[in-house]
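See below for the structure under consideration.
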Amino acid sequence: MIYRTLFPRNMFAELDRLQRDLAQAFEFSPSIRGAVRGGFPGINVGNTQKSVEVYVFVPGVEPGNLDVQLEKGVLTIAGERSDPLPASDGGKVTAHINERFSGRFRRVIALPDDINPDAVEAGYRDGVLHISIPRREAALPRRITIQ
Amino acid sequence: MTTQVQAKPEPEVQVADSSLLPPVDVAEDAAGITLYADLPGVPKERLKLQVEAQTLTIEGDLQLEVPEGTEAVHAEIGSPRFKRVFTLSRELDSEKVSADFNQGVLKVRIPKVAHAQPRKVSIRVE
């Protein structure tokens, strides 16, 4: 699975990515799903006491064209993004820079065990898909009173 | 199973200007240039597009609805700012730049000045 880098020609980002790629190649037991970073779409994950918040950066993709599934604690986000650049078949348009991702994409992330898969909420705004997965009540931290 | 979500915090790369470079597509046709840029999470009012002295600057601030007390465990979009600068060439008409921003994708159209529009150059063979 080779993706185009998310932030091109940023030397530090490239070095960072190279370092990660190397780290992965030499890692004793890498993640079973391979590289976690650098693909399309970019993903940020945050934890709160009550939920797991997932932000998927999918600019230019209609929410209706996104397929989000949660099964056995694994969240899958799939979809397709079209290429605005014309195919290079001798047309009158020249593509000078072509960095944006186009085509089909699919990303998979494993979620913690204490989530409640029946109460997932998802929203789309400004090209960002926000998925909020609450934790199970029993998993919330409770203060224990001492008798 | 939870290794990806509960990943160890990785050392941040320190860059003086920590804004992210949005990826772009640039296409040219006979009448001008069209640029597409990915700026996900930037609301319309936080996008700044500026053309000044042959320089096109795209800047945007990321705004996400993050619940209080959120602890970042995995961040691929590691900066809340996007910025990218392009140098325009002289045949482009910087007065007539038009832009459209929808679902995190910015589309900028820069037409060529009238006298730079294509003319067929005839080659005389003697």
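The values are calculated or read from the model by the stated rules, or taken from the named source; none is laboratory data. Please read these numbers as outputs of a predicted model, since none were measured by experiment. Counting neighbours? That spans all protein chains shown, and the Cβs are built from the backbone with ideal geometry, glycine included. Side chains are part of the model used for accessible areas, which takes the heavy atoms of the whole protein and leaves out ligands, DNA and RNA. Shrake-Rupley method; radii C 1.70, N 1.55, O 1.52, S 1.80 Å.
Numerical summary
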read-out: Number of positions in the stretch A:72-86 that are modelled with pLDDT under 90 and among the charged types (D, E, K, R); value: 2
read-out: Of all residues making up the stretch A:46-81, the number that are more than 8 Å from every other protein chain (Cβ to nearest Cβ) and of a type in the set (Asp, Glu); value: 3
read-out: Qualifying strands (runs of 3 or more DSSP E) (wholly inside the stretch A:60-147; at least 1 residues being in contact (Cβ under 8 Å) with a residue 60 or more places away in the chain); value: A:67-71, A:103-110, A:121-125, A:128-134
read-out: Qualifying positions in the stretch B:68-98 - modelled with pLDDT of 90 or more, closer than 26 Å to A:TYR55 by Cβ and open to solvent by less than 60 Å² (accessible area, probe 1.4 Å); value: B:PHE82, B:ARG84
read-out: Some residue of the stretch B:25-32 being of a type in the set (Asp, Glu) and either in contact with a Phe, Trp or Tyr (Cβ under 8 Å, 6 or more places away or on another chain) or at positive phi (or both); value: yes
read-out: Residues (surrounded by fewer than 19 Cβ atoms within 10 Å (Cβ to Cβ) and either part of a strand (DSSP E or B) or not aliphatic (A, V, I, L, M) (or both)) located in the stretch B:14-26; value: B:GLN14, B:ASP17, B:SER18, B:SER19
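The rows are residues; the columns are (1) in a strand (DSSP E or B); (2) more than 10 Å from every other protein chain (Cβ to nearest Cβ); (3) in contact with a Phe, Trp or Tyr (Cβ under 7 Å, 6 or more places away or on another chain); (4) of a type outside the set (A, V, I, L, M, F, W, C).
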{"residue": "B:VAL42", "(1), (2), (3), (4)": "no, no, yes, no"}
{"residue": "B:LEU56", "(1), (2), (3), (4)": "yes, yes, yes, no"}
{"residue": "B:ALA99", "(1), (2), (3), (4)": "yes, yes, no, no"}
{"residue": "B:LYS107", "(1), (2), (3), (4)": "yes, no, yes, yes"}
{"residue": "B:ILE110", "(1), (2), (3), (4)": "yes, yes, no, no"}
